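Note sheet for the following structure.
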Amino acid sequence: MESANVALIKGQIDAYNRGDWEAAFAGMTADVEWVIAREHPAARTVRGLDELGEYHRDWQETLPGLTIEVLETDERGDAVLSVCRLRGAGAGSGAEVGVEIAFISRRRDGRVVRVEEYLDADEARAAI
């Protein structure tokens, strides 16, 4: 049986896959921080729901039909690890794209305050 924290994260991912941004960002603080993987060319920390929405809309434009499949979860204290597979099609080429990515969602007082992206799932497992 999964915990409430894991269920929240999976619910947010399901909402993201449906294109329901409001539900996808529910449970996050207004000043949430999203740390983009350091290997990404635009690596930085996104702050706040507005900037986070822009970041994810950019991904939807780059990879139309982008979906996230949860492959594995782990919970340690107030942190939830989600190892996922992103799938989409390149906007220009239509070529299918798939990449494994891991997220660590950190909570405080029942709300997500920080999400960290990792392109190396083992690195994320060690970080949690």
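Key figures
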| item | result |
| --- | --- |
| All positions within segment 50-78 that are of a type outside the set (A, V, I, L, M, F, W, C), part of a loop (DSSP other than H, G, I, E, B) and either surrounded by 12 or more Cβ atoms within 10 Å (Cβ to Cβ) or touching a residue at least 24 places away in the same chain (Cβ under 8 Å) (or both) | P64, G65, D78 |
| Members of segment 9-31 found to be assigned to a loop (DSSP other than H, G, I, E, B) and open to solvent by 20 Å² or more (accessible area, probe 1.4 Å), listed by number | G19, D20, A26 |
| Test: residue in segment 89-107 that is within 21 Å of D14 (Cβ to Cβ), in contact with a Gly (Cβ under 9 Å, 6 or more places away or on another chain) and of a type in the set (F, W, Y) | no |
| Single condition A95 does not satisfy, out of (1) open to solvent by 70 Å² or more (accessible area, probe 1.4 Å); (2) over 27 Å from M1 (Cα atoms); (3) among the aliphatic types (A, V, I, L, M) | (1) |
| Count - residues of segment 108-120 that are among the hydrophobic types (A, V, I, L, M, F, W, C), under 21 Å from A42 (Cβ atoms) and buried (at least 17 other Cβ atoms within 10 Å of the Cβ) | 1 |
| Verdict on D14 being more than 18 Å from D74 (Cβ to Cβ) and at pLDDT 95 or above | yes |
| Test for R107: is it modelled with pLDDT under 95 and not in a helix (DSSP H, G or I) | yes |
| Residue match in segment 13-27 (condition: under 14 Å from V115 (Cβ atoms), among the β-branched types (V, I, T) and touching a residue at least 60 places away in the same chain (Cβ under 8 Å)) | yes |
| Selection within segment 79-92 - open to solvent by 10 Å² or more (accessible area, probe 1.4 Å) and farther than 20 Å from V32 by Cβ | R85, R87, A89, G90, A91, G92 |
| Top-ranked residue in segment 32-49 [being assigned to a loop (DSSP other than H, G, I, E, B) and either open to solvent by 30 Å² or more (accessible area, probe 1.4 Å) or at pLDDT below 95 (or both); ranked as farthest from S105 (Cα to Cα)] | P41 |
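The values are calculated or read from the model by the stated rules, or taken from the named source; none is laboratory data. Predicted model, so just to flag it, every value in this text is computed and none were measured. Because the Cβ atoms are built from the backbone with ideal geometry, glycine has one as well, and the counts that use them run over all protein chains shown. All accessible areas refer to the heavy atoms of the entire protein, side chains included, with ligands and DNA or RNA removed. Shrake-Rupley method; radii C 1.70, N 1.55, O 1.52, S 1.80 Å.
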